[in-house]
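Only one structure is covered here, and it is reproduced in the block below.
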Amino acid sequence: MLSPSDIFSLYRPSRCERRVFLRAHGEPEGEPGDFDRLMEELGQRHENNHLATFPEVLNLSKGHLRERARRTAEAMKKSVPVIYQGVLISETPELGDSVVGIPDFLIWEGPDYRIRDCKLSRHVGNGRHEEIVLQLQLYGWLYEQNLHRPPSALEVYLGDQSVIRLPYDGGADAMALLKKIVELSHRADEPYSPVGWSKCLSCGFRDRCWNIAKKMNDVALVYELDQGTAVALRDQGITTIDQLLKNYTADRLAELRKPHGKHMVRVGVAATRILLQAEALRSLKEKLLKPLVLPANDNLVMFDLEGLPPQFDELDKVYLWGMQVYGRRPGSYLPALAGFGEEGDREGWGKFLENASSLFGEYGDLPFVHWHNYETTKIKTYLRRYGDREGVGERVLQNCVDLLRITRDALVLPEYSYGLKVIEKHAGFRRSMQEFGGDWSIVQYIRAVETHDHKLRDKIMSEILKYNEEDLTATWAVFQWLKKYKVE
């Protein structure tokens, strides 16, 4: 049977036609990681919490699909107020299979049902989470096939506990996509889908596809070269990094038109950096574009945050603000942890401001060095959320130095990514922890929040603190390594 899960297979964790083909052909896939399992658990909890808000529910979540579909049809004829996990099935000869949908809720509104699904996402529609929109459209189409009239509404219960309605298009887009999925599944040859560092990161086929891409010297491996450009180059017969460098100058590559959404656009100014990055990968050599301009202060604060994305917490919370002074007069590690109570988020922000204020008092106006823009984005969020304390937050914001931006502006590295974990290895830094990473930290923090064992909580938090402290040490190591390229 075809189902909305086939649409999710195409879109999650990122849109990839190759993944649909590989699953259809039984290719071995890596097991979900702790982060994926946590997401699934939180999604089910979100759904169960919403289920508990209905006083009267017919629960059809158990049993064989055909029997559940029969019971769903009977319940709808009787106008049962709320049907949970009902089953809608339609035979579709044009697709060569049945289509089945299991919406979370069918809610009677008279004379028809509203279809509602629960999602952790906080924003759906207007180009965001197209897979969720298509899933709901498919539910609407199945409803119409069974009852010969459309549902009264399509709704999504979001991660912030709000409900949004989606317009119903008759299911045309969803059915067209299912047709494409069937074609992909039945292909004899594996379709091309460019690899990408963030695109492939949490896919079960990542190692397989990246190993193939490396063996082929695929152009998609080039940092700065996006998916649309990789597809456009392939259409021109350019599949390898060597072919790219042989056949394209910066001017010619800039004029290449690539798919971008529903339009075709020029590669443009990115062409120069793409070719420089390709040459770095071929030669395995760094290239300095211009001398780096690094802060010249005797002492600098390395600055790194650990936070929950919006779907994990109502406040999109930073649970750890980590800082440490390095340089001529190094200081101790200064973590500011959010509390576990209702005011924990505010407490973490307050402790961060207190720590920052003490650093300014002891060292004067020193830079806060971080990697990428997450830190500055979150400071702005918390300034709006809780306000400032004697201008300390604004002062930190003004003193922030994004080391990633400095590195990318001046240096081309023979790497597939410019993430801190990649660049620190390039710089020769090695961590002491066997398990680490942003997703690892989030999973550990959720475990700490939910346990009632205070000893276990303390142990988990000590591991998170150690990870964050090593992030600061890694940032300092990269800073030191970059000094050889700085302006004298």
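The values are calculated or read from the model by the stated rules, or taken from the named source; none is laboratory data. What you are looking at is a predicted structure, and each value in this text was computed from that prediction instead of being measured. Because the Cβ atoms are built from the backbone with ideal geometry, glycine has one as well, and the counts that use them run over all protein chains shown. Note: accessible area is taken over every heavy atom of the protein model, side chains too, but ligands, DNA and RNA are not part of it. Shrake-Rupley method; radii C 1.70, N 1.55, O 1.52, S 1.80 Å.
List every residue whose amide H lies under 5 Å from the amide H of Ser98, counting only residues 5 or more places away in sequence or on a different chain, with H placed 1.01 Å from N in the peptide plane.
Leu2, Thr92
In vacuum, with every alpha carbon of the range 265-367 counted as one equal point scatterer, what does the Debye formula give for log10 I(q)/I(0) at q = 0.10, 0.13, 0.22 Å⁻¹? Two decimals, please.
Computed log10 I(q)/I(0) values: -0.54, -0.74, -1.03.
Hey, could you pull the Cα Rg and Dmax for the range 301-439, both in Å?
15.7, 46
Protein chains only, probe 1.4 Å: how do His263, His129 rank by accessible area, largest first?
Numbers: His263 125, His129 70 Å².
Largest accessible area first, the residues go His263, His129.
Computed from the mean reciprocal separation of all distinct C-alpha pairs, what Kirkwood hydrodynamic radius does the range 421-481 have, in Å? Provide the component values of the computation, followed by the final result.
Numbers: mean 1/r = 0.0801 Å⁻¹.
With all distinct Cα pairs of the range 421-481 included, I get 12.5 Å.
Keeping the other protein chains in place, figure out the carbon and sulfur percent of the accessible area of the chain, with a 1.4 Å probe.
On the way: 11680 of 23830 Å².
Accessible surface attributable to carbon and sulfur in the chain totals 49 percent.
State in Å² the accessible area per residue of the chain; use a 1.4 Å probe, count heavy atoms of protein chains only, and round to the nearest integer.
With the other protein chains kept in place, the chain gives 49 Å² per residue.
Which of the lysines could a cross-linker span from Lys378 if the Cα-Cα distance has to be under 17 Å and same-chain partners fewer than 8 positions apart are dropped?
Lys317, Lys351
Taking square-rooted eigenvalues a ≥ b ≥ c of the alpha carbon gyration tensor, is the chain rounded, prolate or oblate, where a/c under 1.5 means rounded and, failing that, a/b exceeding b/c means prolate?
Because a/c hits 1.5 or more and a/b fails to exceed b/c, the chain counts as oblate.
Evaluate Rg over Rh across the range 198-298, taking Cα atoms for both radii and Kirkwood's formula for Rh.
Radius of gyration over Kirkwood radius for the range 198-298 works out to 1.04.
Take the alpha carbon atoms of the range 96-134, find their center, do the same for the range 411-482, and report the distance between the two centers in whole angstrom.
So the separation of the two Cα centres works out to 38 Å.
Using 1/(1 + (r/R0)^6) with R0 = 41 angstrom and r between the beta carbons of Asn211 and Arg395, what's the FRET efficiency to the nearest 0.05?
Taking R0 as 41 Å, the efficiency between Asn211 and Arg395 is 0.30.
So what's the gap between the Cα centers of the range 169-206 and the range 29-93, to the nearest angstrom?
After rounding, the separation between the Cα centres reads 25 Å.
Would you pull out the residues with amide H under 5 Å of Arg122's amide H, same chain only if 5 or more places away, H placed 1.01 Å from N?
Gly159
Explain nothing, just compute: Karplus ³J(HN,Hα) = 6.51 cos²θ - 1.76 cosθ + 1.60, θ = phi - 60°, for every residue of the range 135-140 in order, whole Hz, x for Gly and Pro.
Taking θ as phi minus 60°, the curve returns 4, 5, 4, 5, 4, x Hz for the range 135-140.
Do the alpha carbons of any pairs in Lys246/Lys425; Lys214/Lys425; Lys425/Lys483; Lys421/Lys483; Lys287/Lys466 sit beyond 22 Å of each other, and which pairs?
Going by Cα-Cα distance, Lys246/Lys425; Lys287/Lys466 fall outside the 22 Å limit.
What is the Rg over Rh value, at two decimals, for the range 1-63, using alpha-carbon atoms and the Kirkwood definition of Rh?
1.08
Just from its helices, what would the mean residue ellipticity at 222 nm be for the chain, if runs of 4 or more DSSP H residues each count -39500 (n - 2.57) and the sum is divided by every residue, rounded to the nearest 500 deg cm²/dmol?
Value at 222 nm, helices only: -14500 deg cm²/dmol.
What nm distance separates the two modelled labels at Asp439 and Asp458, each placed 7 Å from Cα along Cα→Cβ?
3.2
For the range 1-150, report the convex hull volume of the alpha-carbon atoms normalised per residue, in Å³, without decimals.
Per residue, the Cα convex hull of the range 1-150 comes to 144 Å³.
Report for the chain the percent antiparallel among DSSP-assigned beta bridges with both residues inside it, nearest 5.
Antiparallel: roughly 75 percent of the beta bridges in the chain.
What is the chain's relative contact order, in percent, from Cα pairs under 8 angstrom and six or more apart in sequence?
12
Which stretch or stretches of the range 191-226 have amide N atoms under 16 Å from the point lying 7 Å from Arg15's Cα along the Cα→Cβ direction?
Hits in the range 191-226 for Arg15 at 16 Å: 192-196, 199-200, 226.
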